[in-house]
Amino acid sequence: MDDLIVSMEHVYKSFPGVKALDDVHFELRSGEVMALLGENGAGKSTLVKILSGVYARDSGHMEIFGREQGDLTPKQAQELGVAIIHQELNMCRHLSVAENMFLGREKTRLGTLSNREMEAEASTILRDLKIDLDPRKVVGELPVSKQQMVEIAKALSTNARVLIMDEPTSSLTSREIEDLFRIIRELKNKGCGIVYISHRLEELQYIVDRVTIMRDGQFIASMNYQDTTMDEIISLMVGREIREQFPRVSCKKGKSVFEVKHLNAGHLVRDVGFQLHEGEIVGFAGLMGAGRTETTRAIFGVDPKTSGEINLDGRTVKIHKVADAIRAGIVLAPEDRKKDGLCTKLSIRHNIALPNLDTLCDKAGIVRRARETRMCEHAVNSLMIKTPSVDMDVATLSGGNQQKVVVAKWLARNSRVVMFDEPTRGIDVAAKVEIYHLMNKLKQQGIAVMFVSSEMSEIMGIADRIIVMCDGRITGEMTAAQATQEKILTLATRFDKKVATANE
Ligand SMILES: Nc1ncnc2c1ncn2[C@@H]1O[C@H](COP(=O)(O)OP(=O)(O)OP(=O)(O)O)[C@@H](O)[C@H]1O
Ligand SMILES: [Mg+2]
């Protein structure tokens, strides 16, 4: 089974001020998983959006199942058997799981929507995929990882023969990732061709047959995964050698800056207590749903606290709302950037300026434009945000570059405590290193830094101290030197009952 099912040649696509695709070449055979790799802004999403009918190309050829195709609409692409799981979740948050899965191809009976039929079919699809989810649940109330699973189920329910996955695992738990890989292998055996886009390079080994590498909108190489090495892939993607994937700077651990005592909030933050010191980065490890995100949200004042105390530089601070936290110098770069982290309808400039207006305005409350420009350009340059200007809408940025804007807005102010929730999600290897440098820089300035991450290598590579959570509680902590993957996983799965039996 290695017939060519997609062939794209000399594809060009420009957006105002950006050559997103510049003579790109891409091939996919049936029964293979083709990884499409490249840095943030390399043009990966643009290419697959052309294949799936979201964008029209400026010029170039595209053959699907041996037939030359003009510009497709998403519906035509779907009818041809091309399905795409988009990088940015595109769900109707107020609709149910089943309604989302059948969006645009709703089942009707006698002219009215047949919810029961859709729910039954959705339920079968979810069960086949071994996804534990009620099809009647409203999507907006699900955690990001479940929303992602809905998107995957939706794509699979169309019986696609070309399946495009743009960063499908960026917010899945390790168990869900295993499920996804199992599904991918099954589809492969059925002769499906899969385009797989991911910045988690370590997962390629489990599923990938071939790789196509892009850089700056250009095709760089295509080869069998077997015939290459990770170092080669990275240097082709980045165009240079990356010396250290996890740069560590050592600092002297100083005094305690920040202390959380007996924090309770909702049912996923239970008696949480910890300290952060000057000169260290603390990583929060755990499985998805362990309560790490909820802990950061409760501290930051997004969610209400039931009880607990927060001390900053030895003084108790009362945080009832986000503004209280920001004023005290405690900030959070959240996990769900589209919902919480960015105003996608605003420019990069305004996204960065918005939380910093207090430092940007003069006494009359008028924004000092030059200072604002300086602040934004500095942030864009130091994080290497790929954009022609700070006045571009953040919606036009590639996924990874959007993430950098979330981080950038907090860079600009003098904070005492910076909390990052999955800061490198969807970010390319080189930009990840930039974010680590940034965290290191904050650490060197004596700022208390904590981050939540589901990537074990990142937790072990960057954190000086690791706190593990499970089921809303802190189950253990260790220094980087003491840490092993096994130790972290054991603590991450130490549920209440297990603790009880171990103590008996
Ligand atoms: N709708 C748009 N309007 C303007 N520019 C766009 C638009 N979509 C993409 N671009 C630009 O095209 C370039 C390629 O973006 P694309 O989203 O394809 O990158 P990517 O390889 O998917 O990156 P990432 O890994 O960050 O998702 C980027 O410079 C991006 O800013
Ligand atoms: Mg993309």
Reported set for segment 232-259 where residues are farther than 30 Å from V418 by Cα, of a type in the set (S, T, N, Q) and touching a residue at least 12 places away in the same chain (Cβ under 8 Å) is none
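Working carefully through the options S96, S171, find the one that is at negative phi, in contact with a helix residue (DSSP H, G or I) (Cβ under 6 Å, 6 or more places away or on another chain) and not β-branched (V, I, T).
Every option except S171 fails the conditions.
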Checking the condition more than 9 Å from ligand 1 (Cβ to nearest atom) and small (G, A, S), which residue from G17, G70 passes? G70
Criterion (touching a His at 6+ places or on another chain (Cβ under 6 Å) and within 29 Å of S453 (Cβ to Cβ)) met by exactly one of G308, G341: G308
Does segment 1-11 contain at least one residue that is closer than 30 Å to L342 by Cα, touching a Lys or Arg at 6+ places or on another chain (Cβ under 8 Å) and at pLDDT 90 or above? no
Listed by range, helices (runs of 4 or more DSSP H) wholly within segment 21-107 having at least 1 residues that are within 13 Å of ligand 2 (Cβ to nearest atom) and either under 21 Å from K188 (Cβ atoms) or in contact with a Cys (Cβ under 8 Å, 6 or more places away or on another chain) (or both) are 44-51
Taking the options I319, I281, I326, name whichever one is surrounded by 22 or more Cβ atoms within 10 Å (Cβ to Cβ), touching a residue at least 12 places away in the same chain (Cβ under 8 Å) and assigned by TED's automatic domain parsing to the domain that holds A480. I281
Can you tell which of D22, D3, D58 is within 13 Å of ligand 1 (Cβ to nearest atom) and more than 29 Å from the chain's Cα centre (by Cα)? D58
Just to be sure before I move on: is K13 in a strand (DSSP E or B) and within 16 Å of ligand 2 (Cβ to nearest atom) in the structure I sent? yes
Residue in segment 355-362 that is within 25 Å of V48 (Cα to Cα), outside the structural domain of K49 (by TED's automatic domain parsing) and modelled with pLDDT of 85 or more present: no
Is at least one residue of segment 95-107 among the small types (G, A, S), closer than 30 Å to D428 by Cβ and at pLDDT 85 or above? no
Filter segment 363-386 down to residues that are modelled with pLDDT under 90 and β-branched (V, I, T) and give me whichever is farthest from ligand 2 (Cβ to nearest atom). I366
Hey, among N351, N381, N356, which residue is closer than 21 Å to I435 by Cβ, free of Cβ contacts under 8 Å to residues at least 40 places away in the same chain and not in a loop (DSSP other than H, G, I, E, B)? N381
Tally time: how many residues in segment 152-202 are β-branched (V, I, T) and either away from ligand 2 (no atom under 16 Å from the Cβ) or without any contact (Cβ under 8 Å) to a residue 12 or more places away in the chain (or both)? 8
Only one of S114, S96 is surrounded by 14 or more Cβ atoms within 10 Å (Cβ to Cβ), in contact with a strand residue (DSSP E or B) (Cβ under 7 Å, 6 or more places away or on another chain) and in contact (Cβ under 8 Å) with a residue 24 or more places away in the chain; which? S96
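The values are calculated or read from the model by the stated rules, or taken from the named source; none is laboratory data. All figures in this text were calculated on a predicted structure; none of them were measured in a lab. Quick reminder, even Gly has a Cβ in these numbers, built from the backbone with ideal geometry, and neighbours come from all protein chains shown.
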